[in-house]
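Inspection log for the structure reproduced underneath, given as structure tokens.
What follows is calculated from the coordinates using simple rules that are stated; it is not laboratory data. Here the structure is a predicted model, which means the values were calculated and not measured. Heads up, the Cβs are rebuilt from the backbone with ideal geometry, glycines too, and the neighbour counts pull from every protein chain shown.
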Amino acid sequence: MMMSKKVILFLALAAPSTAFMGSQPFLSRTALQSSAESTDSKLDDAIRRELNYQPGAAKTDFAERFKHLVGADVKTVGEAFAEFTKVLGLTVNPLYKNMVTDIVGTTHLVVVNARFKRDAVWSLGMITALDLLLKNYPEEGVDGKIVSALFQSVGLDEVDVRAEAKSVTDWIEGKSREDVEAALMGEGDSPVAAAANQAKADEYWMYSRYFGIGLLKAMETIGMEMDQDEVYPVMESWMTDKLGKSHLTACADSDLFFKIKNKLDMMETMMKEIEIREKKRMAERLEEKAEAALRAADREEKFQGEVAAEAAEKKDTIEMS
């Protein structure tokens, strides 16, 4: 069947001309990408020139407050961990290496943040977290060295942090939930009230995980049931109603705390079970050795008796002859 003129014309227009392709080739994907990147680069340059950005020069309250930190020499996470390793001078147990690395990195990033201000509740949370995570460290005495190296590497004074944490626990001891909540409202002269007032007065106050853990430790100290579901609404109330801050991150950190604590408790239980089994096996081995020694002693006693009897028999034979 003969094709119509319309079909032939369509095929001719749709098919690429060999002559045209030879003299005017289509742009390749690489050329198109290069052209797009060039356009983006020019656009970025134009925006930057228009904005004329300078660190700390923005006309905002935030920029005015922190502009003195522009160009400050801030230690990197890598440098902080290098200092930690140097100060510690020991190899961290492989089971704890990832956890310790994470603690050093996250704590350093919190401390070097321009908005960070340490308070007694934060210090309590810091000590509580370290005690929880390192309480079952296998090598005796190394956990304390890890803590000291951590504080030094992030530029904190361990003595001051521990003193602040103790001031909170000493004050909370014997207090009720109502007392703590009043302090979180800023009432009184307790270290909790001081931390609350500092947070309330600072528009750019920065929440960090250790502050939330400090609140959890306060809940535990006043005798609250330390259950994930029971603690969540209390944390929400304390952060939102008492401190006037967002509760979302604090509640998420609370859930994470209980998950980690449950895992560590399970690990501790398993380690105790293993220890009990090992002690039982050792006791069984000692008992087997004792029984073997008794059997050997009985055999030796019988042997000596037989030797003595044989010697006596020989003596009697000689005398009779």
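In a fully extended conformation the segment linking Phe62 and Asp45 would gain 3.5 nm over its present Cα-Cα distance, using 0.36 nm per residue. Dividing the convex hull volume of the alpha-carbon atoms in the chain by its residue count gives 502 Å³ per residue. Modelled spin labels at Ala82 and Ala163, positioned 7 Å past Cα toward Cβ, are 3.3 nm from each other.
Dipole size of the chain about its Cα centre, with +1 on Lys/Arg Cβ and -1 on Asp/Glu Cβ: approximately 2220 debye, rounded to the nearest 20. The charge dipole of the stretch 183-321, taken about the Cα centre with unit charges on the Cβ atoms of Lys, Arg (+1) and Asp, Glu (-1), comes to about 420 debye, rounded to the nearest 20.
Placing one equal scatterer on every Cα of the stretch 173-321 and applying the Debye formula, the log10 ratio I(q)/I(0) at q = 0.13, 0.18, 0.20 Å⁻¹ is -0.73, -1.04, -1.17.
One Cα centroid belongs to the stretch 189-228, the other to the stretch 99-155; the line between them spans 17 Å. Between the exposed loop cleavage positions of the chain, defined as trypsin sites (Lys or Arg not before Pro) in a non-H, G, I, E, B DSSP state with at most 11 neighbouring beta-carbon atoms within 10 angstrom, the longest gap is 136-321. Taken along its principal axes, the alpha carbon cloud of the stretch 77-265 reaches lengths of 46, 35, 29 Å, longest axis first. Using the alpha-carbon atoms, what tilt in degrees (0 to 90, nearest 10) does helix 248-320 show relative to the longest principal axis of the chain? It is inclined by approximately 20 degrees. Across the stretch 276-321, the convex hull enclosing all Cα atoms gives 23 Å³ per residue.
Three semi-axes describe the equivalent ellipsoid of the stretch 219-293; taken as square roots of 5 times the Cα gyration tensor eigenvalues and ordered largest first, they are 48, 11, 7 Å.
The length gained by stretching the chain between Ile260 and Asp298 to full extension, at 0.36 nm per residue less their Cα-Cα distance, is 8.1 nm.
Tell me what the chain gives for mean residue ellipticity at 222 nm when only DSSP H runs of n ≥ 4 count, each as -39,500 (n - 2.57), the sum divided by the residue total, rounded to 500 deg cm²/dmol.
-24000 deg cm²/dmol
For the stretch 192-243, evaluate the Debye formula with one uniform point scatterer on each Cα (no solvent term) and list log10 I(q)/I(0) at q = 0.16, 0.23 Å⁻¹, rounded to two decimals. The calculated log intensity ratios at q = 0.16, 0.23 Å⁻¹ are -0.48, -0.95.
Provide the gained length on full extension for the span Glu275 to Thr249, in nm with one decimal, where the gain is 0.36 nm per separating residue minus the Cα-Cα distance. Mind dumping the intermediate values first?
Working: separation 26, 0.36 × 26 = 9.36 nm, distance 3.82 nm.
Gain in length upon complete extension: 5.5 nm.
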